[in-house]
Each structure stands twice: as C-alpha cells, then as structure tokens.
Amino acid sequence: MKTNFRKNLSILLSFILVLSFSHVMGAESINFRKKKKAKTQQVIDTLKYNVYKGKIKNIETGEALIFVNISVNNSNVATVSNSDGEFLLKIAKNSDVKTLTVSHIGFKNKDFAISNLKPRKNVLELESAIIPLGEINVYPHDPLFLVRSILNRVAKNYTLDPNVMKGFYRETIKRNRTYVALSEAVVNINKSGYRQMRDDQVQIFKGRKSQDVKKMDTLLFKLQGGPNTTLLLDVIKNPYNLLSGDFIENYDYTFKNITKLNNKIHYVIEFKQKEGVDLPLYYGLFYIDANNLALSSAKFSLNMENESEVRRMFIRKKPSGVKVTPLSADYIVNYQEKNGKWYFTYARGELKFKCNWKRKLFNSKFSVMTEMAITDRTDAEVVRFKGKERFKSNQVMSDEIGSFSDKNFWGASNTIEPDQSIESAIKKLKRKGK
C-alpha cells in the first residue's frame, strides 16, 4: 500500500521540485523551444476589447475578498481576483453581453452592469449571506454519506463531454519575502469528460518568465509539470487519496456549518486523517451543494507530521550538503455550475519549505506557488492535441518560454491581475533581465 500511496500522492501534490546547483549568473532570455506560429506572437489590436480593473470588497468591513469569481453573463468569459482582491477583465467590444456576476463563498451573488464599469478603480462590493434556518430542509446527520455522494453523483453533476478551455497559469518562487522567479502563461486545455479515462492535455499558447538566480543560495528550483500538475488538483477528475473510495475510510468527517455560494445553500464538511494512519494525508473543508450534492469547492492542506515521508514525496532531486524540509502545503480548487453542470474553474497550491546548508549558520525559507484560472470554455470542435503540441508532465515551463516582453504581451487574453508584491517583483526582474 505504501508504494501505491506515494505514487498517487505525488500526483496530487501539484509540486515536484527539482533542485540543483545553479550555474546561471542572472536573468536570461530563453526563447520558445519550438517556434510558435506567427499568430501567437502578434500584438492583438487593443481597439477590439475593453479592459476593466478593480477590487472586490466586503461591503460590511471594507476588507478585500480574495479568489473571488467574476464571470460575464451569457458567455464563458471569467476571471478571479488575486490575493489583494484585485481583478482584471477583458471583454470584446463587439460582444453583446450586458452584466457580470461576482460570487464568493459566504457572500450573496451580485450582478453588475458592464456599462457602469470604468477602465480602472472599480470597487465591487459583496454582502455576507446569512442562512435562515427555515431554508434548511435536510440536515446532514451523516457527513460521510455526503462525501460519498459527491462521487456517486459525478455523472449527474459534472459534464461528461470534453471541453476546450483557455486558462491563465502562474508559478512563482519566493525566497523569504523576495520573489526570485516568476513564470506566466496563457494555456489551451483539452479537458476530458469526468467519466473519461483520458488525461487532460495542456498546450502553452504564450508565456513569459524571469528569474534572479543570485538570490537562490546557488540553488536552482524547477517545478516539473507546471500547468499539468495544477490541473491534477481537480479532485473530481483525480480523486486519488482525497476522495477515492479506497481512502475515504482514512478520514474523520464532521459537519462544520452551512453557508451560501452562488446563492445556493452549501454544507461545509471538515475532514482530517484518522489517528493511526501512518502516512501523511490531508485536512481541510469540502463545500457541498445542498441541492444536488456536488462539490463546488475544496480547501485542503497536507499533514506534515511525518517529515521524512513528506520530503520523499516532494523532492525529486537535490544536491548534497543541503537538507530540504517541507513546512506546509496548501491547496484550493473551485468549480462553477452552468446550465446544470459543474466545471473546473480555479486551482491554487502553495508549498513552503526551508533549506539548511551544512556549513551555513542561517537557513533559507522558500515559497513555491502555482495557480490557474479558467478564463474561457467551449464544448464545440474539441480535438485532442498532437504529441508535439502538448506540454508534457516531465517538462519545466520556465525552460520552455521566453523572458518578459512588452506591456501588451497578453493581448486580449484574460489574466489574473498581479498582486502588489508580484507587481513589484515583475518590475525588478524585468530590469535584471535587460
């Protein structure tokens, strides 16, 4: 069991770290490994779309709301607010859409007229959702039954047809409080149906990167698999040891509370691994739609108590003379319902760890983060990517894309607005790259 467990867990973790001594002295421009067609390099005419920037706030407290979903009604266009609550949304000028909907766990959905938005400094406020007891018809006396129902109802709740999605992917490496590497990409995704045995496929449409190797303590960190592994956080498609029948019995489940998401009542189920299970599992929260028992969100973290086992799961390779200790591993995955079916929309993972050198007095702490937001989707003309077009699970994205470019690099593609610390890092890394 231990061998199979470790194999499955390493797939779900979203981070496979390759550590080696660095021989690079500064930020370096690396072109695409394969020349992309001219269309991926063109600057898209900015006259063809409108850009809206703003911030999502709690109307009662004024606090910024992070990882909030912003979707354009009567379209598949969407984005997500960043860790400062800021968002960026691009909508084609010839589109006839009128409103967008902002939704977040524990808050009431709210529609906003697009015609009332300004190019910058929009403030969109959400009101907390209070659940009247009269709305609760079925009380979840058996939380384990609810968890089992998630997988039992996959065919009913989640789309069984393949989709072509466009997403924005970002990965960062931070040493202490300073960003030392950042890579971003717009990706095309061939998302197989939730009962299909096929893996999801990723194709990098356009990307950029930069890094400051001098601040990495002569270590070069690489995230193997990039957007492929972030897609594996889709725990409905890849239940493995979090939701699969083989591992459900390894957890204790308790009913925590009731909240609202997308104006729908959700049960909040807390879970943690049982006493006596010797291998590291997870603890966290499931948000389950009370009406159809679909999982709409999951927030979970890895139990780090078994330090040596966790280290073996994360670290693929490292140089001698340094001890790498994972400190925490935290994950989020969100789904959104449309026309009675639920779709993967967002995933984020963050790993923190420290490096101790044998001949150094102080250790270094690193934080590695990946996130992906689905910004567009269609189920028309779904064609599998050919082998040469796909980004493979053994590739490192920062090895495949070029350095930072002009300010209009992303064109009309919807992206996640950089938070303040990332924005500062981008400016510094661009200067070093020049």
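Given 0.36 nm per residue, what is the gain on full extension from ASN257 to SER301 after removing their alpha carbon distance, in nm?
13.9 nm
Please compute the net charge surrounding LYS274, taking Lys and Arg as +1 and Asp and Glu as -1 over other residues with Cβ under 9 Å from its Cβ.
Here the charged neighbours net out to -2.
Between PHE385 and TYR283, 0.36 nm times their residue separation minus their Cα-Cα distance comes to what?
Details: separation 102, 0.36 × 102 = 36.72 nm, distance 3.57 nm.
So the extension gain works out to 33.2 nm.
Quick one: which residues, 5+ away or cross-chain, put their amide H under 5 Å from the amide H of ALA92? H built at 1.01 Å from N.
ASN50
What are the GluC sites (Glu not before Pro) within the stretch 286-336 that DSSP puts in a loop, where the Cβ has at most 15 other Cβ atoms within 10 Å?
GLU305
Show me the ranking of peptides 86-96, 197-207 by mean Cβ neighbours inside 10 Å, starting with the highest.
Highest to lowest by the protection proxy: 197-207, 86-96.
If r is the Cβ-Cβ distance from ASP96 to LYS274 and R0 is 45 Å, what FRET efficiency results, to the nearest 0.05?
Approximately 0.25, to the nearest 0.05.
Listed here are the pairs LYS90/LYS237; LYS118/LYS427; LYS121/LYS365; LYS55/LYS260; which of them are more than 31 Å apart at the Cα? Spell out each step's value before the answer.
Details: LYS90/LYS237 29 Å; LYS118/LYS427 25 Å; LYS121/LYS365 35 Å; LYS55/LYS260 21 Å.
From LYS90/LYS237; LYS118/LYS427; LYS121/LYS365; LYS55/LYS260, over 31 Å: LYS121/LYS365.
Taking the Cα-to-Cβ direction at SER421 and at SER320 and moving 7 Å from each Cα, how far apart do the two end points lie in nm?
Those two pseudo-labels are separated by 3.5 nm.
Which whole-number value in Å² is the accessible area per residue of the stretch 46-124, probe 1.4 Å? If you can, show how the numbers build up before the last one.
On the way: 3910 Å² over 79 residues.
Accessible area per residue, the stretch 46-124: 50 Å².
Tabulate in residue order the Karplus-calculated ³J(HN,Hα) for the stretch 113-122, using 6.51 cos²θ - 1.76 cosθ + 1.60 with θ = phi - 60°, rounded to whole Hz; enter x for Gly and Pro.
Once rounded to whole Hz, the list reads 6, 5, 5, 8, 7, 9, x, 9, 6, 6.
Between ARG195 and ASN291, what FRET efficiency follows from the Cβ-Cβ distance if R0 is 22 Å, with the result rounded to 0.05?
Details: r = 22 Å, r/R0 = 0.98.
For R0 = 22 Å, the calculated efficiency reads 0.55.
Explain nothing, just compute: Karplus ³J(HN,Hα) = 6.51 cos²θ - 1.76 cosθ + 1.60, θ = phi - 60°, for every residue of the stretch 75-91 in order, whole Hz, x for Gly and Pro.
7, 9, 7, 7, 7, 9, 6, 8, 6, 9, x, 8, 9, 9, 9, 10, 10
Can you work out ³J(HN,Hα) from phi for every residue in the stretch 262-275, in order, using Karplus 6.51 cos²θ - 1.76 cosθ + 1.60 and θ = phi - 60°, giving whole Hz and x for Gly and Pro?
Here the 3J(HN,Hα) series is 6, 6, 10, 6, 10, 7, 10, 10, 8, 9, 7, 6, 6, 4 Hz.
In this model, which of LYS110/LYS209; LYS272/LYS341; LYS209/LYS352; LYS222/LYS386 are farther than 32 Å apart at the alpha-carbon?
Numbers: LYS110/LYS209 36 Å; LYS272/LYS341 28 Å; LYS209/LYS352 21 Å; LYS222/LYS386 25 Å.
Beyond 32 Å: LYS110/LYS209.
Starting with the highest mean, order 163-170, 243-250 by the number of other Cβ atoms within 10 Å, averaged over the residues of each peptide.
Top of the packing list down: 163-170, 243-250.
Determine the gain in length on full extension of the stretch LYS365-LYS48; use 0.36 nm per residue of separation and subtract their C-alpha separation, reporting nm with one decimal.
Computed gain between LYS365 and LYS48 is 109.7 nm.
Considering only Cα-Cα distances, which of the following residue pairs are longer than 19 Å: LYS156/LYS191; LYS323/LYS358; LYS166/LYS392; LYS191/LYS338; LYS57/LYS256?
Values: LYS156/LYS191 17 Å; LYS323/LYS358 8 Å; LYS166/LYS392 17 Å; LYS191/LYS338 16 Å; LYS57/LYS256 25 Å.
Exceeds cut-off: LYS57/LYS256.
Just to verify a number: FRET efficiency for ASN74 and ILE130, C-beta to C-beta distance, R0 = 35 Å, to 0.05? Walk me through the numbers before you get to the answer.
Working: r = 29 Å, r/R0 = 0.84.
E(calc), rounded to 0.05, equals 0.75.
The values are calculated or read from the model by the stated rules, or taken from the named source; none is laboratory data. Bear in mind the structure is a predicted one, so any value in this text is a computation, not a measurement. We place every Cβ from the backbone using ideal geometry, glycine too, and count neighbours over all the protein chains shown. Heavy atoms of the whole protein, side chains included, go into the accessibility calculation; ligands, DNA and RNA do not. Shrake-Rupley method; radii C 1.70, N 1.55, O 1.52, S 1.80 Å.
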